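The values are calculated or read from the model by the stated rules, or taken from the named source; none is laboratory data. Just so you know, these numbers come straight off a predicted model, no measurement behind them. Positions of Cβ are generated from backbone atoms using ideal geometry, with glycine treated the same way; all protein chains shown enter the neighbour counts.
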Amino acid sequence: MERDDTPILGQIVVKVYGRRWYILALYSFICCWQCALWNTWSPIAQTMKAAFGWSNGVIALLANWGCITYLILILPVGWLMKWSMRVSVLMCVGLMLLGSAMRCLPIVLDISDYMFLILAHVSAFLIGIAEIVTMSAAPAISAIWFPVQERTTATGIAQVANILGNSVSFFVDVELVQDLGNVTSNVTNEEKQEMRQDVMTLMWVMAIPSAVLALLVLVYFPSSPQYPPSRSSGEERLGFSEGVMKLLKNWNAWLIALIISIPAGTIGAWLSLLVEILPSFCFDDEDCLTQEWVSWLAIVTNLASCGCALIITYFTDVFRGRIRGTVLILFAVGTVVFTFLTLVTMEIFVFSSMSTTKTAIYILLVVGTTLSTGVIPLCTELAVEICYPTAEVVVGGWLSVWINFISMIYYCILDIPDIGVDWLNFTLPLSMVVSLILMFFVNPEYKRSRVDEVGDAILGTLIQNQVEDDDSLLFNDVKLRLQSDE
């Protein structure tokens, strides 16, 4: 059902619909599963090398397709999201279904390893297009469906769900594909066949949720509710082209884009390559970290960081107007934590046993990732506030472009022969330091929130009606004008 903004007797009806949580849950599951599909290959990198002869460069390129497609197609897909959220999400789940189904063809057809590799690349390209919707639409959906006091939390849930997809991919891969440890050579033909069978099982298992999500979106996923949930949600946004041009001229928009993209892109690339980075770490040159242990580390890290990030976003909603200070604290502590993690993984800090080393890596990675994950929804909401009345979907796309650009740089560097992955460890604390410094130059302006606050002051006491299971607020139709300080 499309929104009807027609004033009724000089008034605008503002409703908060109970179904908003279903819409958010469905979109969050889509975000989660899209990320799991994108990160299919990294958790089983050692297996793919042994069973199919893939290289680090191939696995990095498969991950990099998500960044490449985003940068190429963000403008047309961004326009589509501005035009119709329903059509955009339908396209997203359709591409996820098509991409995951293509990888199942070797199950029913006699396909060579080379053709399977081509299918994997085409699939990664299609799933990468779907990523544009899952990474950009969160602030728009929170603004369309949620009231002021729930917007940051709603944005955080959707963005955290996308990050949680990494855990899902690691968990599914660990359960279905056998662990090789650090052995990628001297594998018997029988072992290769078993591994290849495991991979094919993984392919069809990952295709099933894509079909279910596509069906659910087809049945019900409206572009917007009939009435907006807040005063600012009902205000007209800038057109797509005008919004993009306004972003390009906004110094704060550039700063926020760099602040969120440098750590998010760095940590995203680092975590997606975790199975390649940490198994090279050995204690006394004998006891090394295995693919299975690293996969469980990624699962626990993502679960813990996502849970803590949601708590951070909730309290930011409760104490609105303190986003900048919260982000500064998160970056400062994150810098210290990631510095210690780098010293441990580079074996500058050496512990007395492997078990102590594993515990230290667990704690440092969980805490550091929690802090960096919490920054993403906070900076997204701050960017939306600063760039208002630019549409939320345009702002979300702008930020995600830079996240993907930073990630793409890392994946491209990995294509350099003999570059290795050890250098990635140094980028973690460095990314936090750079963003911490840049945050001091941001001028926080809560323009969107002022629309609601000034509206409340002008209109006086809000009239609350209960319509079915919905909270309904009735406002006089008063136009609010914000003077930009730009």
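The residues on offer are L430, L382, and the sole one that is under 15 Å from R324 (Cα atoms), of a type outside the set (G, A, S), in a helix (DSSP H, G or I) and at pLDDT 75 or above is L382.
Would you check if there is a residue in region 231-249 being touching a Leu at 6+ places or on another chain (Cβ under 7 Å), at pLDDT below 90 and more than 25 Å from P76 (Cβ to Cβ)? Before you say what the answer is, go through the steps one by one.
At the first step, the residues of region 231-249 found to be touching a Leu at 6+ places or on another chain (Cβ under 7 Å) are 246.
Those left that are additionally at pLDDT below 90: 246.
When the remaining residues are screened for being more than 25 Å from P76 (Cβ to Cβ), the result is none.
No - not one qualifying residue is present in region 231-249.
Residue-by-condition table, conditions (1) out of contact with any helix residue (DSSP H, G or I) (no Cβ under 9 Å at 6 or more places or on another chain); (2) crowded, with 17+ Cβ neighbours inside 10 Å; (3) part of a loop (DSSP other than H, G, I, E, B); (4) modelled with pLDDT under 70:
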site	(1), (2), (3), (4)
S407	no, yes, no, no
P417	no, no, yes, no
F441	no, no, yes, no
P444	no, no, yes, no
R448	no, yes, no, no
D452	no, yes, no, yes
D456	no, no, no, yes
T461	yes, no, yes, yes
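Of the residues making up region 26-42, those that are in contact with a Leu (Cβ under 8 Å, 6 or more places away or on another chain), part of a helix (DSSP H, G or I) and either among the acidic types (D, E) or crowded, with 24+ Cβ neighbours inside 10 Å (or both) are I30, C32, W33, C35, S42.
You will find that of V93, V87, V133, V122, the residue that is of a type in the set (V, I, T), at pLDDT 90 or above and more than 20 Å from L216 (Cβ to Cβ) is V122 and no other. Sub-6 Å Cβ pairs linking a first residue in region 238-266 that is farther than 14 Å from L382 by Cβ to a second residue that is part of a helix (DSSP H, G or I) and polar (S, T, N, Q), at least 6 apart or interchain, are I262/S431; I262/S435; P263/S372; P263/S431; P263/S435; G265/S407; T266/T427; T266/S431, ordered by first then second residue.
Return yes when W204 is over 17 Å from R448 (Cβ atoms), free of Cβ contacts under 8 Å to residues at least 24 places away in the same chain, surrounded by fewer than 17 Cβ atoms within 10 Å (Cβ to Cβ) and not acidic (D, E) and no when it is not. Answer is no for this residue.
Residues in region 229-241 that are within 19 Å of V394 (Cα to Cα) and either more than 26 Å from the chain's Cα centre (by Cα) or buried (at least 21 other Cβ atoms within 10 Å of the Cβ) (or both): S232, S233, G234, E235, E236. Filtering region 256-295 down to residues that are modelled with pLDDT of 80 or more and hydrophobic (A, V, I, L, M, F, W, C), which residue is nearest to T369 (Cα to Cα)? That would be I267. If the condition is being surrounded by 18 or more Cβ atoms within 10 Å (Cβ to Cβ) and over 17 Å from I348 (Cα atoms), then region 419-432 contributes S431, M432. Checking each residue in region 99-117 for being of a type in the set (K, R) and surrounded by fewer than 17 Cβ atoms within 10 Å (Cβ to Cβ) picks out no residue at all.
Can you tell me which residue in region 64-84 is surrounded by the most Cβ atoms within 10 Å (Cβ to Cβ), limited to those that are polar (S, T, N, Q) and farther than 17 Å from V217 by Cβ?
Taking region 64-84 first, the residues polar (S, T, N, Q) are 64, 69, 84.
With farther than 17 Å from V217 by Cβ added as a condition, the list becomes 64, 69.
On the way: N64: 24, T69: 22.
Per the criteria, the residue is N64.
Under the condition of being of a type outside the set (S, T, N, Q), closer than 19 Å to R86 by Cβ and part of a helix (DSSP H, G or I), the residues counted in region 203-233 number 9.
Which ranges mark the helices (runs of 4 or more DSSP H) fully within region 64-181 that have 3 or more residues being farther than 23 Å from S372 by Cα, more than 15 Å from the chain's Cα centre (by Cα) and not β-branched (V, I, T)? Talk me through it step by step, then tell me what you get.
On the way: elements: 85-102, 105-108, 113-136, 138-145, 151-176.
The qualifying helices (runs of 4 or more DSSP H) are 85-102, 113-136, 151-176.
No other residue among L180, L213 is surrounded by 14 or more Cβ atoms within 10 Å (Cβ to Cβ) and either modelled with pLDDT of 90 or more or touching a Lys or Arg at 6+ places or on another chain (Cβ under 8 Å) (or both) apart from L213.
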